[in-house]
Structure formats: structure tokens, C-alpha cells
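Some notes on the structure that comes next.
The values are calculated or read from the model by the stated rules, or taken from the named source; none is laboratory data. Quick caveat, the model's predicted, so the values are computed rather than measured. With ideal geometry, Cβ positions are generated from the backbone for all residues, glycine too; neighbour counts draw on all protein chains shown.
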Amino acid sequence: MSLGTISSYPGNPRTAKAQIAAAYNGLTIEQKDFDLHKDRDEAFYAKFPLGKVPVFESAEVNLFESSAFGYYAALQKEDSTLLGTTAAEKAQVLQFVLFAENEISAHLGAWIYPLMGYYPYLKPAHDAAIEKAKRGLDALNKILLTKTYLVGEDVTYADIAVVTALVIGFKTVFDKSIRSEYKNVTRYFTTLVAKKHFKEFLGDIELCETPLKYTPPKKEKKETKKQETPKKEKKAAAPAADDEEPAKPAPKPKSKLDLLPPSKFIMDEWKRMYSNNDSDVAMKWFWEHHDPEGYSLWKVDYKYNDELTLVFMSNNLIGGFFARLEMARKYAFGSLVVCGENNNNTISGYFLIRGQEVPFEVYDAADFGSYNFVKIEPSQYEEKKEEIYKYMAWEVEGFADGKIFK
């Protein structure tokens with residue numbers, strides 16, 4: 001018996017959610033290829049105002065979210081265990097459906113689609129997407145340490161939703177290195193996709209060997225060659241000058257910070273001291289060697305603490321900021337921490353920076369404007385020593401999480 005028809009572009013693993021769920025319930029769902037450029041007419045928009053695919057059509061209901069028509073297919077058999085058998089199991093199934101959408105599909109899309117050319121490639125956003133996707137994989141890996149299936153002792157719609165969300169990752173970017181890092185997820189995925197109904201609609205999954213990487217558009221390279229060619233022709237046509245020295249390349253511009261007077265305080269030594277010793281030993285060394293003329297201390301506070309929600313999301317904000325400070329790594333050290341709890345937390349900390357001003361290498365970061373940097377004058381050091389120690393040692397009251405820039 002056919003439950004309805006899914007319209008989508010070919011090879012979309014989102015359509016498999018409903019087809020696999022229907023197969024477990026002894027039903028079928030037809031699939032029709034859909035051309036977004038040709039097939040989106042007024043009748044389509046009347047049924048599906050968002051204008052996106054996949055969509056599900058039947059005599060009983062029209063649906064435009066793949067998780068919804070997968071859920072609809074799972075509901076079709078009264079004694080089916082796909083949605084759990086108890087209230088607790090049903091809640092867990094829903095939890096993993098939402099997890100698949102929000103923590104896997106969304107972040108894998110932001111990771112992979114720019115590499116495929118579907119979205120613009122912006123390195124900071126791309127790096128953040130990879131970090132978020134790996135956070136989800138890490139959580140899933142821990143959950144699967146002692147489990148074969150996510151809910152109960154057999155396949156549920158939770159497994160269908162999560163496995164279909166993982167397909168694109170295992171095909172395109174989860175190479176041997178990543179698969180070895182998330183062994184439980186890999187074992188789970190390969191076990192499930194080998195099952196009859198999964199294999200029927202997902203096909204044979206060829207695991208990624210060479211991950212997709214960003215390649216700048218070819219057009220940019222061609223334009224560069226066109227600009228270089230005339231210069232070469234002109235040189236060939238010019239009168240010979242055997243004793244003329246070739247033009248020397250312009251010297252590589254230096255950071256303004258490299259032109260500052262030498263300092264007795266060596267940043268790399270401080271970073272090693274901080275990394276390899278207890279906080280009390282490291283901070284004692286810091287104050288003994290600190291050069292207030294060559295370096296400055298700054299109190300840093302996030303400007304929009306009232307907008308922060310979950311602690312891990314606040315910590316991810318710090319990670320994103322640090323990722324965009326790569327140019328400053330040679331000249332700065334910082335400790336930012338999240339204090340408080342979910343939906344009531346703050347971001348603050350201290351930075352040590354070469355020179356007496358916030359340099360270009362720091363303020364050029366895209367999210368620098370979201371932070372207040374207030375300079376601590378040498379006359380304030382004594383009164384601030386204890387507070388600085390607590391931020392460096394992560395002993396601030398209410399400490400929940402944090403990151404070190406070094």
C-alpha cells in the first residue's frame with residue numbers, strides 16, 4: 001500500500017527518512033523527481049508556501065518538513081515500536097529527531113555546502129560550523145559507547161533520523177581520521193546502513209577517503225594569468241641590458257608591533273610557563289617578569305551578556321572569537337570565561353597584549369566589536385592582582401566554562 005508521494009531532487013537522503021519508516025511498517029511511499037526551476041508553479045506554492053523540497057503529498061495531508069512526513073509514516077501501524085513504547089521512549093525519540101535536525105544536519109550543511117559551491121565560502125563561518133558539527137558528533141559518540149540503538153533495543157525513528165542526517169558527512173568529509181576519532185558513531189552508522197530497509201533507500205554508502213576541501217574559483221586564477229602575460233611580453237621586447245639587476249621584490253610588510261623596542265618579557269616563555277605549571281607558580285613568574293612598558297593588560301567583557309543563553313553556546317562564542325584572532329597569536333594571550341548557568345551567564349576575562357594599544361591584529365577580528373577592552377594601568381596592578389589570578393586560574397565565582405588564547 002502506498003502512503004503518498006515525495007517530490008525531491010534525486011539522491012536526497014532526507015526523503016529516505018519517510019521511506020525507511022514506511023518500509024518498517026509494511027508500507028511504501030512513491031518518489032518523484034522535482035526540478036526547482038521548472039516545477040515550482042502557482043499550484044505548488046499554494047500547497048507549499050516555502051517553495052522548498054522535499055515535500056509529501058497524499059489524499060489525507062500535505063507536508064513540507066522531512067522529519068514530519070517521516071514521523072507520519074512511523075505512525076501508520078498501531079503496534080509499531082518505531083516511536084517508542086512508553087512515554088519516556090517517545091520523548092527520547094523526539095529528542096533525537098530534534099538533535100538530528102539542529103546539531104547534525106544544520107552544522108554539516110554549513111560545513112559541506114560551501115565546499116560544494118552551494119553557499120559562499122567564508123572561513124570564520126566555515127570553521128565555526130566544523131566546530132559545532134564535531135561537538136554534536138562528540139556527544140553522539142559518548143551516547144553510543146554502550147548502545148547499539150539510540151532508544152531501546154531495536155531500530156526506532158530516532159535511528160532513522162540520525163543515520164540519514166549523517167549520510168552526507170560520511171560520504172564527503174568524514175575520512176579515516178575523523179572516523180577513528182568517532183569510532184562509536186562510525187560503528188553505529190555502518191551497522192544501520194547495512195540493514196535491509198536502510199540499504200534499500202540509501203544504497204551502498206561509500207565511506208569518504210579524500211575529504212572535500214575548499215578550492216578558490218578557477219576564474220580568479222585565470223584573471224591573474226591575464227594580468228601577468230602582458231608584463232612578460234613587454235620585458236621580452238625591451239632592449240637587452242645584460243648588466244641590469246632584476247627588480248627585487250618589495251620587502252614583506254611587518255606588523256607595527258614588530259617595530260616596538262625589544263622587551264625583556266618573552267611571550268612564548270610565558271605561554272610555556274602557563275601551560276606547564278600550576279596557576280600559582282605561573283602567575284608568580286608572570287609578575288616577576290612582566291614588562292608594563294612593552295605589554296599592557298586589558299579587562300575584557302562581552303557587551304551583550306543579557307542575550308546569552310546556554311553555557312556551551314556562550315563558550316562557543318569565545319571559541320569563534322579566538323579563531324578569528326589568528327593574526328594576534330604572536331602578540332597576545334587571553335583567558336575568557338563563562339560564569340553562571342544556562343540562560344543566565346556572562347563572558348569576561350583578561351588579555352595581555354604587546355604594546356600599549358589594542359592592535360590591528362586584534363581589532364580586525366570580525367566580532368571584536370562585541371567586546372569591551374578596558375586597559376588596566378600599572379597603578380592598578382596591585383588592586384587587580386587577585387582578580388587577574390582568578391581569571392587566569394579559572395577560579396572566578398560561578399565559573400562554568402572557558403577558553404585560553406595562546
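Please determine, by comparing only the residues of the stretch 62-72 that are in contact with a helix residue (DSSP H, G or I) (Cβ under 6 Å, 6 or more places away or on another chain) and surrounded by 15 or more Cβ atoms within 10 Å (Cβ to Cβ), which one is farthest from VAL163 (Cα to Cα).
Ranking the candidates gives LEU63 first.
Every residue, every condition in (1) touching a helix residue (DSSP H, G or I) at 6+ places or on another chain (Cβ under 7 Å); (2) of a type in the set (Val, Ile, Thr); (3) within 23 Å of VAL374 (Cα to Cα); (4) outside any strand (DSSP E or B), yes or no:
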site	(1), (2), (3), (4)
SER263	no, no, yes, yes
GLU269	no, no, no, yes
MET273	yes, no, no, yes
ALA282	yes, no, no, yes
TRP285	yes, no, no, yes
PRO292	yes, no, yes, yes
SER296	no, no, yes, no
LYS299	no, no, yes, no
ASP306	no, no, yes, yes
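Every residue in the stretch 303-351 that is within 13 Å of GLY402 (Cα to Cα), surrounded by 17 or more Cβ atoms within 10 Å (Cβ to Cβ) and among the aromatic types (Phe, Trp, Tyr), please.
Across the stretch 303-351, the qualifying residues are PHE321, PHE322, TYR350.
Any chance you could count how many residues in the stretch 281-291 are surrounded by fewer than 15 Cβ atoms within 10 Å (Cβ to Cβ) and in contact (Cβ under 8 Å) with a residue 40 or more places away in the chain?
1
Only residues in the stretch 15-42 that are assigned by TED's automatic domain parsing to the domain that holds GLU200 count as the first member; pair them with residues that are in a loop (DSSP other than H, G, I, E, B) and of a type in the set (S, T, N, Q), Cβ under 9 angstrom, at least 6 apart or cross-chain, and list the lot.
Once the first residue is assigned by TED's automatic domain parsing to the domain that holds GLU200 and sits in the stretch 15-42, no partner that is in a loop (DSSP other than H, G, I, E, B) and of a type in the set (S, T, N, Q) comes close enough.
Restricted to the stretch 352-406, and to residues that are among the charged types (D, E, K, R) and in a helix (DSSP H, G or I), which residue is surrounded by the most Cβ atoms within 10 Å (Cβ to Cβ)?
Across the stretch 352-406, the extreme among qualifying residues is GLU361.
Could you go through the stretch 330-346 and let me know if any residue there is in contact with a Cys (Cβ under 7 Å, 6 or more places away or on another chain), at pLDDT 90 or above and in a strand (DSSP E or B).
yes
Since PHE286 meets every condition but one in (1) touching a strand residue (DSSP E or B) at 6+ places or on another chain (Cβ under 8 Å); (2) modelled with pLDDT of 95 or more, which condition does it not meet?
The single condition PHE286 does not satisfy is (1).
Considering the stretch 171-194 alone, what residues qualify as being assigned to a loop (DSSP other than H, G, I, E, B) and surrounded by 14 or more Cβ atoms within 10 Å (Cβ to Cβ)?
Residues satisfying the conditions are VAL173, PHE174, ASP175, TYR182.
Select from the stretch 73-95 the residues that are part of a helix (DSSP H, G or I), in contact with a helix residue (DSSP H, G or I) (Cβ under 7 Å, 6 or more places away or on another chain) and either over 17 Å from GLN19 (Cβ atoms) or not hydrophobic (A, V, I, L, M, F, W, C) (or both) and list them in ascending order.
GLN92, VAL93
Tell me whether the stretch 196-214 contains one or more residues that are surrounded by 12 or more Cβ atoms within 10 Å (Cβ to Cβ), touching a residue at least 12 places away in the same chain (Cβ under 8 Å) and more than 28 Å from SER8 (Cα to Cα).
no
Residue-wise test of (1) of a type in the set (Asp, Glu); (2) within 22 Å of TRP394 (Cα to Cα).
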site	(1), (2)
ILE266	no, no
TRP270	no, yes
LEU308	no, yes
ASN316	no, yes
PHE321	no, yes
LEU336	no, yes
GLU341	yes, yes
ILE347	no, yes
ARG354	no, no
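Pull up the stretch 17-61, narrow it to residues that are among the acidic types (Asp, Glu) and part of a loop (DSSP other than H, G, I, E, B), then point me to the one that is nearest to ALA165 (Cα to Cα).
Among those that are among the acidic types (Asp, Glu) and part of a loop (DSSP other than H, G, I, E, B), it is ASP35.
Which members of the stretch 62-72 meet the condition of being part of a helix (DSSP H, G or I) and of a type in the set (A, V, I, L, M, F, W, C)?
Of everything in the stretch 62-72, those that are part of a helix (DSSP H, G or I) and of a type in the set (A, V, I, L, M, F, W, C) turn out to be ALA68, PHE69.
From the list TYR71, TYR113, TYR9, exactly one residue is assigned by TED's automatic domain parsing to the domain that holds GLY169 and either on the phi < 0 side of the Ramachandran plot or at pLDDT 90 or above (or both). Which is it?
TYR113
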